[in-house]
Amino acid sequence: MAGKKVIITGVPGVGKTSVINESIRRLEEEQVPYQNINFGSFMFEVAQREGMVQDRDEMRKLDKDAQKRLQQLASQAIAKIEGNVIIDTHASVKTPAGFLAGLPEWVLRELKPDTIILVETDEDQILKRRLSDATRVRDIEGARAIADHQNFNRAAAAAYATITGCTIKYITNADFLIDRAVEEMMQTLR
Amino acid sequence: MAGKKVIITGVPGVGKTSVINESIRRLEEEQVPYQNINFGSFMFEVAQREGMVQDRDEMRKLDKDAQKRLQQLASQAIAKIEGNVIIDTHASVKTPAGFLAGLPEWVLRELKPDTIILVETDEDQILKRRLSDATRVRDIEGARAIADHQNFNRAAAAAYATITGCTIKYITNADFLIDRAVEEMMQTLR
Amino acid sequence: MAGKKVIITGVPGVGKTSVINESIRRLEEEQVPYQNINFGSFMFEVAQREGMVQDRDEMRKLDKDAQKRLQQLASQAIAKIEGNVIIDTHASVKTPAGFLAGLPEWVLRELKPDTIILVETDEDQILKRRLSDATRVRDIEGARAIADHQNFNRAAAAAYATITGCTIKYITNADFLIDRAVEEMMQTLR
């Protein structure tokens, strides 16, 4: 059994991590083990191992070509992992210069995912979750900007599907209905 | 004259086949002949000829790599056909694991279409058409899911246009206005 | 310093040129010079130099392969320009046969832009601007068609980001607020 590679994405505040953790916990009980890899942290480990950086701060200072090489190295290493793997990352990242594709072509061609999941919900719910989460400092965005971000992710996902042949699954993580989101994720991961 | 290659897509229930058949019938009268190829059936014929399957049921059991090779073989064979060709297929297919791109990169690079047509209409009209069509058993979807499917198709089509340089034409097949849809399709096919 | 390559796009009537010109003027005062290249005009110059055409009319009559070669030649030439460059073009072009990607893969792979800017505004405002601009003859479109065009551009932009790794920046050029649009563009170009 070669194992499934599933990329899970969602804008900040959508509750992606909670849905992933609960799904993995329950699937373990069903003897369907998944390894959970955070793409950003994994890239940092690769960068350290390769002697490209010493701390997380230096990661941001890498030039574009070094970033790209690092993304490719990390993707190649993940592709080699046996068994079921979740790759926790972003479909796109919002920067001052605009949206950056979280899964550019050179990453997708190495990772060869089976499925990309978009964890989503109503932009107003996301706004409220962000405002009430005191543990993180996040840039303030209005609901419309959050909607734009989620729509960009859907458009990018369609391009990702065209390049890789993977499926694109939308999973709604609505207020009071996280159990529904977990069940849908489990169905997709099983 | 090398002939035009036009891919025609639309979600189940949008009435794609009726619009295609009437357009071909009328264009024949204008001496603009089109050969109509159903991509799924064509793939099955190729699979049989290559000894990959014996019946339609086996098609679904092919593994991912075999599917991909088959899609490529079918696309190469279609690309060699002389004269005008319509390829009747889906911009995306909704599966339990999410949307699957109907025209992944390896299909598009072989087919090299001139145009991809998206036959569309209001999601509520599609819902009603599906509910009143007793001849087919279809999964029940709400209007919102149909809207999501059509939007995914538009996003995928933009990726298809980027890779191939083909044009993307939206044609509305609204209730009581199939004649408008046929005229628009004829204009695009002429 | 290698310089930034920024592609700026927007549907006809959105006021792209005004925002570009004012941004360039003010950035010059800040000693941030930008060269402004219109992709269509640049392609025509290349075509003349290569002996492919003698006047602008002949440009439209070039066959698909010649167009593609010309787009590639122009893109290669622009990629070699030193310093900061704005490439003024369209994210997509609306033709009778449907939307044509303004930045197909073979253009993007040569240009390697840092950022693609989409200058946008409400479709109703664009409609009014088109109707009141007596200096140009434009095809009449309703507001819904303009919205479709802007949405196609966003979907295409997500595919562009996937292929190139560039950022995608939306800038709103709303009525009475061109100064906001100029400031946002300057921030992105700086």
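Structure above, values below:
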{"quantity": "Pairs with Cβ under 6 Å, 6+ apart, first in region B:177-188 and among the charged types (D, E, K, R), second buried (at least 20 other Cβ atoms within 10 Å of the Cβ)", "calculated": "B:Glu184/B:Ile171"}
{"quantity": "Verdict on C:Asn173 being over 14 Å from the mean Cα position of the chain (by Cα) and within 24 Å of B:Thr164 (Cα to Cα)", "calculated": "no"}
{"quantity": "Unmet criterion (only one of (1) open to solvent by 30 Å² or more (accessible area, probe 1.4 Å); (2) in a loop (DSSP other than H, G, I, E, B); (3) at negative phi) for A:Leu73", "calculated": "(2)"}
{"quantity": "Among residues of region A:137-160, those that are facing chain B (nearest Cβ under 10 Å) and over 15 Å from the mean Cα position of the chain (by Cα), counted", "calculated": "4"}
{"quantity": "Subset of region B:5-52 [out of contact with any Leu (no Cβ under 7 Å at 6 or more places or on another chain) and among the basic types (Lys, Arg)]", "calculated": "B:Lys16, B:Arg25, B:Arg26, B:Arg49"}
{"quantity": "Filter result for the condition that a residue is farther than 17 Å from B:Phe39 by Cα and under 18 Å from the mean Cα position of the chain (by Cα), over B:Ile116, B:Ile163", "calculated": "B:Ile163"}
{"quantity": "Residue pairs meeting the criteria (Cβ under 6 Å; at least 6 apart or on separate chains; first touching a residue at least 40 places away in the same chain (Cβ under 8 Å) and within 7 Å of another protein chain (Cβ to nearest Cβ), in region B:94-117; second open to solvent by less than 10 Å² (accessible area, probe 1.4 Å) and of a type in the set (S, T, N, Q))", "calculated": "B:Phe99/B:Ser92; B:Ala101/A:Thr162; B:Ala101/B:Ser92; B:Glu105/A:Thr162"}
{"quantity": "Failed item in (1) within 14 Å of chain C (Cβ to nearest Cβ); (2) more than 22 Å from B:Ala159 (Cα to Cα); (3) in a strand (DSSP E or B), with A:Ile86 passing the rest", "calculated": "(1)"}
{"quantity": "Number of the exception - B:Gly15 against (1) closer than 15 Å to B:Met185 by Cβ; (2) under 21 Å from the mean Cα position of the chain (by Cα); (3) surrounded by fewer than 16 Cβ atoms within 10 Å (Cβ to Cβ)", "calculated": "(3)"}
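Let's see how each residue does on (1) within 19 Å of A:Ala2 (Cβ to Cβ); (2) touching a residue at least 60 places away in the same chain (Cβ under 8 Å); (3) among the aliphatic types (A, V, I, L, M); (4) open to solvent by 30 Å² or more (accessible area, probe 1.4 Å):
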residue: A:Val19; (1), (2), (3), (4): no, yes, yes, no
residue: A:Leu27; (1), (2), (3), (4): yes, yes, yes, no
residue: A:Met43; (1), (2), (3), (4): no, no, yes, no
residue: A:Gln54; (1), (2), (3), (4): no, no, no, yes
residue: A:Gln67; (1), (2), (3), (4): no, no, no, yes
residue: A:Ile86; (1), (2), (3), (4): yes, yes, yes, no
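The values are calculated or read from the model by the stated rules, or taken from the named source; none is laboratory data. Just so we're clear, the structure is a prediction, and the values are computed from it rather than from any experiment. So basically every Cβ, Gly included, is an ideal-geometry build from the backbone, and we count neighbours across all protein chains shown. Surface areas here come from the heavy atoms of the whole protein model, side chains and all, with no ligands, DNA or RNA. Shrake-Rupley method; radii C 1.70, N 1.55, O 1.52, S 1.80 Å.
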